[in-house]
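Input: a single structure, listed below in structure tokens.
The values are calculated or read from the model by the stated rules, or taken from the named source; none is laboratory data. Since the structure is predicted, the reported quantities are computational estimates derived from the model, not experimental observations. Glycine also receives a Cβ, built like all others from the backbone with ideal geometry; neighbour counts cover every protein chain displayed. Each accessible area value is taken on the protein alone, full model and side chains, heavy atoms only, with ligands, DNA and RNA left out. Shrake-Rupley method; radii C 1.70, N 1.55, O 1.52, S 1.80 Å.
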2 protein chains.
Amino acid sequence: MIDLVLLGSGNVATHLYRAFSASEEIRVKQVYNHAEESLKDFKAETAVTTSLSELMKADIYLLALKDDVIPDVAQKLSHLNGLVAHTSGSVTLNALEACKRVGVFYPLQTFSRNKELEYSQIPFCLEANNTSDLEMLKKIAKNISGKAYEINSEQRKKLHLSAVFVCNFVNHLYSIGEDICKENDIPFEILQPLIKETAEKVKDSSPSEVQTGPAIRRDQSTIDAHLKLLSSSENKEIYQLITTAIQSFHGKKL
Amino acid sequence: MIDLVLLGSGNVATHLYRAFSASEEIRVKQVYNHAEESLKDFKAETAVTTSLSELMKADIYLLALKDDVIPDVAQKLSHLNGLVAHTSGSVTLNALEACKRVGVFYPLQTFSRNKELEYSQIPFCLEANNTSDLEMLKKIAKNISGKAYEINSEQRKKLHLSAVFVCNFVNHLYSIGEDICKENDIPFEILQPLIKETAEKVKDSSPSEVQTGPAIRRDQSTIDAHLKLLSSSENKEIYQLITTAIQSFHGKKL
């Protein structure tokens, strides 16, 4: 049994808490948050505290906190003997250097508070300074996910950057699609199968090999017609820039 | 039984041919292409021709051809009594005006020659000049898909434009993500669950309501760090532009 203290109560903390609670080998002994009201959902199930000096003894202290408070909180945990690990995509391992034993436990997924996730599908990116700490992180990850990757701090930053492109930016393109539909009385659901298939295609194929559309076909008359149809100057700019990017990306490869 | 003549032998034609062949109520009597060699896969299964003057009698002539040849081919089909319909997202119904009875049968999906598709998931966007022709198109669509939408030429153009954003442009963002992974020895498969979840999220929620990431959080230090990490000036420009677009899109709504 691994004893765990969870610091934080946002989306990531809440999802991880649920996953840990369902696991036989992980016990969440305590949840910390600086604000008492954020702890009310956890109170009925486990110990809670608003004070860093009252953390219980545990094998691991998991910091599911905002990036910018991680170094400060770590400073206050320097006395602990357990492993101190954060869950951030962009914060380095060094940010925890005040602590005795340090690690990273970064779940690469997009978390919405009210949407259930399949934990078995979440890759955990792990980092630690020694083998035994890494093994503990792996054990925790495998207990709730089955997918664990060793990723160092430099790689993790790049991975987080990639995630912005394939998740956050992709979602904004979905928003643009939805807006165009709304303006023209078209139900957005018509686009759902296409969105799904586009995402599924890159499971077995490299996205660079399955690029389709007017840009890669260099179908200038469709491109011109589309630019004319776009009412928002921002969307026009995005259309133009990504079209050029597709053409130069695939031009290079020829 | 609906008798159908298929014109074209590209990705869309090939996928539709397979779907029609599996249906009990549609018979593909003949496949046309101007180039003999493109017909070799169909020859063993049905009649083929390279001459528009040798088309058989049918209920519907389906033009799964490149956009720019559709009006020319339609000119040569003006003598036919059957319904002449094209499968294009960007060509208007009027492009077929030389013909007696005209329609549009546009499958909104991304077709790759070697990937099997679930036809039941493809929405067909239908248009015709009269109710009985529209009913025939609906019958064909429902036979192979189950999803049929009445969409006029103006809406179809906008829908095609939306599709470029949510499919072609999204796929390019996947390519950028893959490139960043490659450069840093990270397996692209780590991003797969995130790609899948991002696409699935918008099935039940409006994409504008589930936007996450540094842009919408206005987390300028992460944005600056990401811009520094990007080696390609084109990707930097895309990062900057979509970040600004997310902020102005969500700023408006506040």
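Just for the range A:145-157: of the residues that are of a type in the set (G, A, S) and under 28 Å from B:T222 (Cα atoms), which one is surrounded by the fewest Cβ atoms within 10 Å (Cβ to Cβ)?
So the residue we want is A:S153.
In the range A:90-139, what residues are among the hydroxyl-bearing types (S, T, Y) and crowded, with 17+ Cβ neighbours inside 10 Å?
Result: A:S90, A:T92, A:Y106, A:T110, A:Y119.
Residue under question is B:S21, and the condition is that it be small (G, A, S), surrounded by fewer than 19 Cβ atoms within 10 Å (Cβ to Cβ) and closer than 21 Å to B:C99 by Cβ; does it hold? Explain how you work it out, then say what you get.
Working: small (G, A, S): yes; surrounded by fewer than 19 Cβ atoms within 10 Å (Cβ to Cβ): yes; closer than 21 Å to B:C99 by Cβ: no.
Judged against the criteria, B:S21 is not a match.
Got at least one residue in the range B:76-89 being surrounded by fewer than 16 Cβ atoms within 10 Å (Cβ to Cβ), among the polar types (S, T, N, Q) and in contact (Cβ under 8 Å) with a residue 12 or more places away in the chain?
yes
Looking at the range B:148-178, which of the residues that are charged (D, E, K, R) and more than 8 Å from chain A (Cβ to nearest Cβ) is farthest from the chain's Cα centre (by Cα)? Don't jump to the end; show me each part of the working.
Within the range B:148-178, the first condition is being charged (D, E, K, R), and the residues that meet it are B:150, B:154, B:156-158, B:178.
Next cut, more than 8 Å from chain A (Cβ to nearest Cβ) only: B:150, B:156.
On the way: B:E150: 16, B:R156: 11 Å.
Top of the filtered list is B:E150.
Looking at this structure, is A:K142 at the interface with another protein chain (Cβ under 7 Å from one of its Cβ atoms) and open to solvent by 50 Å² or more (accessible area, probe 1.4 Å)?
The answer is no for A:K142.
What are the pairs, 6+ residues apart or on separate chains, where a residue within the range A:39-64 that is free of Cβ contacts under 8 Å to residues at least 24 places away in the same chain has its Cβ under 6 Å from a residue that is polar (S, T, N, Q)?
A:A47/A:Q30
Having 1 or more residues that are out of contact with any Gly (no Cβ under 9 Å at 6 or more places or on another chain), within 17 Å of A:G177 (Cα to Cα) and open to solvent by 10 Å² or more (accessible area, probe 1.4 Å) is the bar; report the helices (runs of 4 or more DSSP H) wholly within the range A:210-254 that clear it.
Values: elements: A:214-217, A:220-229, A:233-253.
Those helices (runs of 4 or more DSSP H) span A:220-229, A:233-253.
Among the residues of the range A:205-214, how many are under 17 Å from B:N11 (Cβ atoms) and facing another protein chain (nearest Cβ under 7 Å)?
5
Going through B:V91, B:V84 one at a time, which residue ends up being among the aliphatic types (A, V, I, L, M), more than 27 Å from B:A22 (Cα to Cα) and outside any helix (DSSP H, G or I)?
On the way: B:V84 fails: more than 27 Å from B:A22 (Cα to Cα).
It is B:V91.
Condition check: more than 14 Å from every other protein chain (Cβ to nearest Cβ), of a type in the set (S, T, N, Q) and farther than 22 Å from A:L161 by Cα. Does A:S38 satisfy that? I'd like the intermediate steps shown before the answer.
Values: more than 14 Å from every other protein chain (Cβ to nearest Cβ): yes; of a type in the set (S, T, N, Q): yes; farther than 22 Å from A:L161 by Cα: yes.
For A:S38, the condition - more than 14 Å from every other protein chain (Cβ to nearest Cβ), of a type in the set (S, T, N, Q) and farther than 22 Å from A:L161 by Cα - is met.
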